[in-house]
1. Go through Pro434, Tyr675, Thr511 and say which Cα lies farthest out towards the positive end of the charge dipole of the chain; charges sit on Cβ, +1 for Lys and Arg, -1 for Asp and Glu.
2. Please check which bits of the range 666-687 a label hung off Asp47 would reach, taking the label as a point 7 Å along Cα-to-C-beta and the cut-off as backbone N under 19 Å.
3. Is the range 171-323 best put as rounded, prolate or oblate by its Cα gyration tensor, with a ≥ b ≥ c the root eigenvalues, rounded for a/c under 1.5, and otherwise prolate when a/b is larger than b/c, oblate when not?
4. Which label marks the calculated value of Cα extents along the principal axes in Å, given the options (i) 116, 104, 43; (ii) 88, 71, 69; (iii) 83, 83, 60?
5. Under a 5 Å amide H to amide H cut-off, with H placed in plane at 1.01 Å, what residues pair with Asn392 once short-range neighbours are removed?
6. Asp757 to Asp210: extension gain in nm, 0.36 nm per residue of separation minus the Cα-Cα distance?
7. Using only the alpha-carbon atoms, how far is helix 285-294 inclined from the longest principal axis of the chain? Give it as 0 to 90 degrees, nearest 10.
8. In sequence order, what are the phi-derived ³J(HN,Hα) couplings for the range 601-615 according to the Karplus relation 6.51 cos²θ - 1.76 cosθ + 1.60 with θ = phi - 60°, rounded to whole Hz, with x for glycine and proline?
Amino acid sequence: MNSTTVKKRPAYDCDTSPYWCTDEDYNNKEKTFGKFIENGDAYQITDKNTPRPWLNYFCNEHFASCLSNTGLGFTWYKTSLLRITKYEHPIDYLPRDFKDGREVIVTDKITGKSFNFFRTAKDITCIHRSGYSVISATQFGIQISLTVFVPVKDSAECWLISVKNKGSNKRDLQITLEQTWTFSKFGIHTAEEGIPYLTIPGKDLDVYCDKNSVNAISTNKNLPFDMYGLFMSPEADIAESANDSEKRKDGRIFNFKICRIKKEFSLDANKEDTINILSAATENKNECDEMKTKYSSASVFATELEKVKLDRKIVKNAISCSTPDKNFSNFLNVWLKNQLYLTFRFIRSGYIGYRDTLQDTWGYTLIDIEISRKQILKTLAHMLPSGACPRNYSPVDDKHDLREFMDSGTWIPMTLLDYIKETNDFSILDEQLPYLNSDKKDSVNDHVWKALELLYLNRGVHGMCLTGDGDWNDALEGISKCGDAESVWLTVALFHAQNLMAELYKKIGDTEKIAILSERSENLRKICQEKAWDGEWFIYGFTGTGKPIGSKINKEGKIHLNVQSWAVFTGLATEEQTKKLSASVSKYLDTPLGPELMYPGYVDEADEVGRIANLEPGTFENASIYQHAVAFAIFADSAMNNLEKAFRTFVNLLPTNPDNFDCRRSSEPYATGNYYCGKNHPRYGQNFFTWFTGNPAWLLRAGFENILGVKAQFEGLQITPSVPKDWDNYCVIKLFRGINYKINFIRSNSKNGIYLDEKKLCGDIIPQEKAEKSAKTNQDGERFIEVTVFYNTGGK
């Protein structure tokens with residue numbers, strides 16, 4: 001027998017196997033850990049032994065915190081890389097092991113016994129809501145409840161703690177509240193003995209105490225600025241700090257600072273008392289001093305919590321729905337917005353992803369117009385004078401990621417166009433903005449034009465857009481190493497971006513730009529159909545050596561999802577191509593949780609495609625059910641009028657899919673994830689990444705616009721219901737240009753159309769001028785109208 005050389009499989013960039021659920025849990029569909037309560041506005045975790053920590057995040061524009069269902073977690077300032085409190089985990093993309101957080105230590109003054117309350121409690125109930133969480137437990141006759149939130153504006157985290165004596169005898173207790181400061185810059189790829197700090201934690205951190213506060217200043221030159229910390233309580237008896245030193249194997253010592261607040265409680269039977277904690281950090285000493293003064297009054301804590309509740313109520317009410325599918329409604333009304341509230345302000349990498357924030361802002365224009373406008377302008381101001389857009393930009397210094405991810409600029413038009421449709425604010429086009437590393441200023445309009453022109457003029461031998469360092473699928477970074485790689489998907493994205501801007505230019509009467517973009521788009525359409533159509537689907541692109549990827553001639557990655565989805569919903573594909581590629585997606589990519597990103601996964605082609613082949617097949621971009629891409633597929637199904645499939649894919653993707661139960665999925669049931677493991681992975685359906693993903697914005701748009709059929713246009717609100725055929729009625733409420741629209745949808749076999757003031761409107765748009773004339777004012781000074789829509793649509 002001839003010996004053969006077996007090619008060794010390269011080590012995975014991220015080995016998921018340590019995080020696999022057990023075989024028993026993988027098949028345990030009966031075990032649950034909680035439930036939605038309060039009509040879906042809250043999730044109650046009743047079993048603390050969740051498959052992994054089930055988190056909630058709280059934030060404002062400057063400060064954020066992460067809370068697990070047992071009180072663990074951490075805080076950061078301006079970027080998730082700038083850690084204020086301690087959080088250590090292994091060096092990979094799948095953090096699971098939370099060790100540090102908010103400590104509540106109870107000492108019985110009679111017996112002298114102490115116990116860390118939430119670490120030793122057998123039964124803990126945690127209720128996560130949008131904006132705040134409450135953790136409670138009872139042991140040794142004592143009940144403690146901990147409420148955690150981040151104020152709407154202050155750079156801090158608040159704790160509201162109540163202590164109740166559940167016994168029949170008086171109890172004398174001392175409660176100690178602790179948190180560990182680190183004040184360090186975190187880096188996911190740089191390890192200090194398994195702890196990924198770029199800077200030494202606790203370095204140059206000076207701490208002093210007064211009666212009710214622990215105060216700090218960090219002068220660590222590795223941080224972008226000096227920082228000030230505050231851990232305080234207006235009810236404190238004692239405030240103190242302690243050192244927590246850890247000696248590493250090489251002899252180095254890392255010094256963490258523990259902050260402590262103590263208060264004594266003397267509680268008669270069935271009586272309770274409270275204490276409040278502020279954990280703050282900022283680069284501005286005056287701001288820190290102002291918070292210290294403000295929160296010296298205990299009543300401020302409750303007031304700030306009410307402000308958070310009101311803020312999240314405003315977010316919920318900006319656009320909401322009531323539908324026969326309560327779970328669908330809950331995610332559109334509460335949970336996708338809760339997730340987007342975080343990702344709009346903070347991105348996973350720590351820096352602000354250019355394309356990421358544009359998509360998040362696109363979704364956020366449904367919620368808050370003013371802050372969305374600011375984010376659009378801030379992002380465009382980080383464009384280079386050439387029209388190139390960075391991969392990421394830093395919110396704290398000038399150390400931006402200038403890699404040439406060529407798709408960054410293609411996301412601008414949809415965000416800008418839908419912002420203008422929501423607001424009728426065409427003045428944004430004339431706003432003067434700088435460029436990155438340049439004194440030159442141009443209008444927003446000029447910025448967008450430069451971004452599109454750069455892409456169109458930089459194309460390869462096949463006429464497709466050059467990929468540069470990457471496109472949406474950045475794991476395919478290897479395709480450019482041997483020459484100029486081309487991306488068909490990026491070419492379709494540019495086609496779409498140009499058409500969106502042409503729509504805007506038509507509205508403002510810029511005939512010259514319309515003509516240019518129309519000609520360019522037709523050219524791109526022709527090139528894609530002639531050179532990228534593979535007979536049954538579109539290929540994904542060409543490597544630097546001219547070899548196709550995503551083609552039937554490839555052994556791995558023969559068909560890629562994104563280019564098919566985008567070719568359909570952008571209108572680039574012909575009707576015949578749409579039928580064929582749709583059949584191919586169904587044949588090769590569909591799963592009960594949504595279509596996979598590609599088929600089959602890459603195993604051996606690292607030399608040809610790069611990093612993606614070093615990803616475990618069925619995970620991340622390598623043939624997983626990538627939830628962001630599934631959201632694109634929902635848009636494609638809507639464009640094909642596959643209404644039932646679009647809706648079913650939407651609800652199957654959600655973490656509440658009963659066929660992908662708690663133990664198997666392992667992640668939170670109220671937050672979407674980055675991906676589910678693909679159908680050929682040993683843990684198909686498991687979700688390793690949650691919260692930080694681009695899909696909430698796309699799902700909000702898909703839900704409210706593509707399915708429920710309420711979308712802003714220049715002239716007014718467009719109404720195109722595309723709901724399941726068994727829905728007899730539903731309702732959407734939307735704040736649009738200062739008027740609250742209540743739109744009641746009723747299925748009817750005898751009547752159709754939009755009725756305002758009992759009069760049928762022509763077409764499918766509620767004209768803004770008619771809404772203005774019909775609007776009434778309620779006792780709170782809010783303007784509103786009520787509309788009835790009769791429909792008889794049914795999905796295929």
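All of the numbers you see were taken from the coordinates with simple rules; none came from a lab. Owing to the predicted nature of the structure, the values given are computational and were not obtained by experimental measurement. Cβ placement follows ideal geometry from the backbone for every residue including glycine, while neighbour counts extend to all protein chains displayed.
1. Comparing the listed Cα positions along the dipole, Tyr675 ranks first.
2. Once the point is set 7 Å along Cα→Cβ of Asp47, 666-671, 686-687 turn out to lie under 19 Å by backbone N, inside the range 666-687.
3. oblate
4. Among (i) 116, 104, 43; (ii) 88, 71, 69; (iii) 83, 83, 60, the one calculated here is (iii).
5. Amide H to amide H, under 5 Å and 5 or more residues apart or across chains, Asn392 pairs with Tyr354, Asp401, Arg403.
6. 190.4 nm
7. Taking Cα atoms only, the helix is inclined about 60 degrees.
8. Whole-Hz 3J(HN,Hα) from phi for the range 601-615: x, 7, 10, 10, 9, 4, 5, 8, 10, x, 4, 4, 6, 9, 9.
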